[in-house]
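Below is one structure, written out as structure tokens; comments come after it.
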Number of protein chains: 2
Amino acid sequence: MPQLDLTATSLDITRAICDVPSVSDDETTLADLIDDAVRALPHLTVHRDGDTIVARTELGRPQRVAIAGHIDTVPINGNVPTRDIEVDGEAFLWGRGTVDMKSGVAVQLKLAAELADPRVDLTWMWYDHEEVDAERNGLTRLARTRPDLFAADFAILGEPSNGEVEGGCNGTLRAVVSTRGVRAHSARSWIGENAIHKAAPILLRLSEYRAREIDVDGLAYREGLNAVHIGGGVASNVIPDVCAVEVNYRFAPSRSAEEAEAHVRDVFAGFDVEISDLSPGARPGLDAPLAQQFLAAVGAEPRPKYGWTDVARFSAMGVPAVNYGPGDPHLAHHDEERVPVSQIESVEHGLRAWLANR
Amino acid sequence: MPQLDLTATSLDITRAICDVPSVSDDETTLADLIDDAVRALPHLTVHRDGDTIVARTELGRPQRVAIAGHIDTVPINGNVPTRDIEVDGEAFLWGRGTVDMKSGVAVQLKLAAELADPRVDLTWMWYDHEEVDAERNGLTRLARTRPDLFAADFAILGEPSNGEVEGGCNGTLRAVVSTRGVRAHSARSWIGENAIHKAAPILLRLSEYRAREIDVDGLAYREGLNAVHIGGGVASNVIPDVCAVEVNYRFAPSRSAEEAEAHVRDVFAGFDVEISDLSPGARPGLDAPLAQQFLAAVGAEPRPKYGWTDVARFSAMGVPAVNYGPGDPHLAHHDEERVPVSQIESVEHGLRAWLANR
């Protein structure tokens, strides 16, 4: 395996790290490459925890910024190795991970190598297992083993945001809404009670639900309440006694986890509701002084982030955090995942403009 | 393995054949026992096809009656071997197959051995794979390989009917009613279309559906339209693009298969409906002269049969057919499956009363 050349262009680094598959649970090869490359840099102190690598400057600056990106991807579906393609005259790098989020990681790696003398101290964090259960996320593990490494005044996650700055993120709640009936042979259905039929009002409430759009610190967060799974049925000649609808509620960061739960219980009043997963969102945090400086330096108009990202983790630790990375989030996990080359370059320039000591 | 003693009581024969497990696909041991026992009877000519056994008298009588029962059961769930129990002072034989339908088969075996000189020629049929797909049913196979063995003027299926005569049977139709949407990440649900939400009217129509009760040849057939399965969902963060509801329509024997299909398509107008299974019912056939004689001999008031049984197969071949067997059909497939000893005896007496030459 050749070493990673961090003096290459951020496009070439993106290509190199996308062509090393790193589906969740299989990040070690890529983590080793990153580890080797950053340990060669004398201005960084490197910590390794599993397949998470933390590289810090220790220059005694009055402020510290954490810049993080996950190195795992969702499963490959015939879209590795990467290809250079052109769409409507625009150059793209196509393939798994180009958007979510190895182009963001590539820019971070390049700047980690280049910025030996940044204007703030930097904590670079590249971590594993973001695309699976939160419990397995490399940052969840690191927060237990080395919480001190999270100390920072501001954080930037390189999640795809079309090269824009996306503040905060929506929260997410999952719940199972279920009905119960009584089994019977379907030839004598009047003996039983059909749990699937009883679920009609659940689907009706979902289909009639009008999601709110909520202003939080000047950004408009759009919510959503959706069934993501439904299941019921015992056998093709049996009246089913259970039907379960899994719903996912994405809620604005102005709602607390408790308020989100109460809202879902209210929507499905009269039904059994079991909360299976609940992560509060993160307020944009754009009023922090470092955030204001950052916005001014990159010249960006902030937008809301709808998807939950690890900014919420920093936010919950009291560190204002934003998303800033190349790539269209709509193409994340897509088989036609591809990143505009121009966005890789603009994010690189944006971060450099803010972080370089002038 | 001891031989089957067909001179034992029908209760003891029921016990013996229930204690030889014969879940669908595993009928050979029991089929061999039956085969050995009936080949020892000089008044019967025996044919074997897989695990289906046909034993015929060939006495040159002007009329022939087919009497049939399946020897397979649904899976055992801790309810073999059988036990003698008492419920509210009444004696029962408890265990898998006691109702569906080894007590009926036991009565048939006993009478097959005893009635060397019946008043009509008899075709006894004991067959495999009734509890699974119709395509694997032993009678389906036999109808292809030896259709001549089905020749008869009247047929009696020993399916559980509480010792009453149940005429004909409802038809059954299965269909998959489905919706389509557009996948999207659930954090940006407004990009997609939720196929599960779109299924709300399907469940609503099912829950509001009022099934008909239809008089056919003097018997009241109760229909039913039910969801038996529902499924949809891609992943817990994806707006689902497909939702499928499997429905089962049980329809009176006065409706043709085509009418049943048209009715279901009408109920779910506007949705994609795919018919997956369709078996017409059987009219009671109680106006046949042999049926009238049979009813008079056993002294029974006929009732409608709701569940589909192989009487429909005979009916479709032009042979009027009824269900007549011990056991409460509500307890078929039940973990507490149990048959009243008195019903085993009354069915034995009823059949003997009609078939014995006096």
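The values are calculated or read from the model by the stated rules, or taken from the named source; none is laboratory data. All of these numbers come straight from a predicted model, not from anything done at the bench. We place every Cβ from the backbone using ideal geometry, glycine too, and count neighbours over all the protein chains shown. In case anyone asks, the SASA skips ligands and DNA or RNA and just uses the protein heavy atoms, side chains included. Shrake-Rupley method; radii C 1.70, N 1.55, O 1.52, S 1.80 Å.
Laid out as a table, the results:
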read-out	value
Filtered residue count, segment B:21-56, keeping only those that are within 22 Å of the chain's Cα centre (by Cα) and aliphatic (A, V, I, L, M)	7
Hey, B:V176 under 11 Å from B:V245 (Cβ atoms) and surrounded by fewer than 21 Cβ atoms within 10 Å (Cβ to Cβ) or not	yes
Yes/no for A:G285 being under 27 Å from A:V74 (Cα atoms) and either buried (at least 24 other Cβ atoms within 10 Å of the Cβ) or in contact with a strand residue (DSSP E or B) (Cβ under 9 Å, 6 or more places away or on another chain) (or both)	no
Selection status of B:G163, open to solvent by 10 Å² or more (accessible area, probe 1.4 Å), under 29 Å from B:V339 (Cα atoms) and either in contact (Cβ under 8 Å) with a residue 12 or more places away in the chain or among the charged types (D, E, K, R) (or both)	yes
Residues of segment A:15-41 that turn out to be small (G, A, S) and open to solvent by less than 40 Å² (accessible area, probe 1.4 Å), as a count	4
Cβ-Cβ under 7 Å pairs, at least 6 apart or on other chains, segment B:111-126 side farther than 27 Å from B:N137 by Cβ, far side at pLDDT 95 or above	B:A116/B:H43; B:R119/B:L355
Tally, over segment A:238-271, of residues that are over 23 Å from A:Y306 (Cα atoms), at the interface with chain B (Cβ under 7 Å from one of its Cβ atoms) and open to solvent by 20 Å² or more (accessible area, probe 1.4 Å)	1
Spans of helices (runs of 4 or more DSSP H) in segment B:244-358 with at least 3 residues touching a Ser or Thr at 6+ places or on another chain (Cβ under 8 Å)	B:341-355
Residue count, segment B:177-212 (criterion: part of a strand (DSSP E or B) and more than 7 Å from every other protein chain (Cβ to nearest Cβ))	7
Restricting segment B:117-155 to residues that are surrounded by fewer than 16 Cβ atoms within 10 Å (Cβ to Cβ) and in a loop (DSSP other than H, G, I, E, B), the residue that is modelled with the lowest pLDDT	B:D133
Qualifying residue in segment B:314-325 (condition: touching a residue at least 40 places away in the same chain (Cβ under 8 Å) and within 13 Å of chain A (Cβ to nearest Cβ))	yes
Residue in segment B:1-14 that is open to solvent by less than 60 Å² (accessible area, probe 1.4 Å), under 18 Å from the mean Cα position of the chain (by Cα) and not hydroxyl-bearing (S, T, Y) present	no
Among (1) closer than 26 Å to B:A195 by Cβ; (2) hydrophobic (A, V, I, L, M, F, W, C); (3) more than 8 Å from chain B (Cβ to nearest Cβ), the one test that A:V298 misses	(1)
Qualifying position, being hydroxyl-bearing (S, T, Y) and out of contact with any His (no Cβ under 9 Å at 6 or more places or on another chain), among B:T57, B:T82	B:T82
Among the residues listed as A:A55, A:A37, A:A68, the single one being assigned to a helix (DSSP H, G or I), among the hydrophobic types (A, V, I, L, M, F, W, C) and under 28 Å from A:L93 (Cβ atoms)	A:A37
Members of segment A:156-171 that are closer than 21 Å to A:D72 by Cα and either assigned to a strand (DSSP E or B) or within 14 Å of chain B (Cβ to nearest Cβ) (or both)	A:I156, A:L157, A:E159, A:P160, A:S161, A:N162, A:C169
Subset of segment B:84-110 that is charged (D, E, K, R) and without any contact (Cβ under 8 Å) to a residue 40 or more places away in the chain - its residue that is least open to solvent (accessible area, probe 1.4 Å)	B:D84
Filter result for A:A68 (closer than 17 Å to A:G327 by Cα and open to solvent by less than 20 Å² (accessible area, probe 1.4 Å))	yes
Top-ranked residue in segment B:213-237 [being aliphatic (A, V, I, L, M), more than 7 Å from chain A (Cβ to nearest Cβ) and part of a strand (DSSP E or B); ranked as surrounded by the fewest Cβ atoms within 10 Å (Cβ to Cβ)]	B:A220
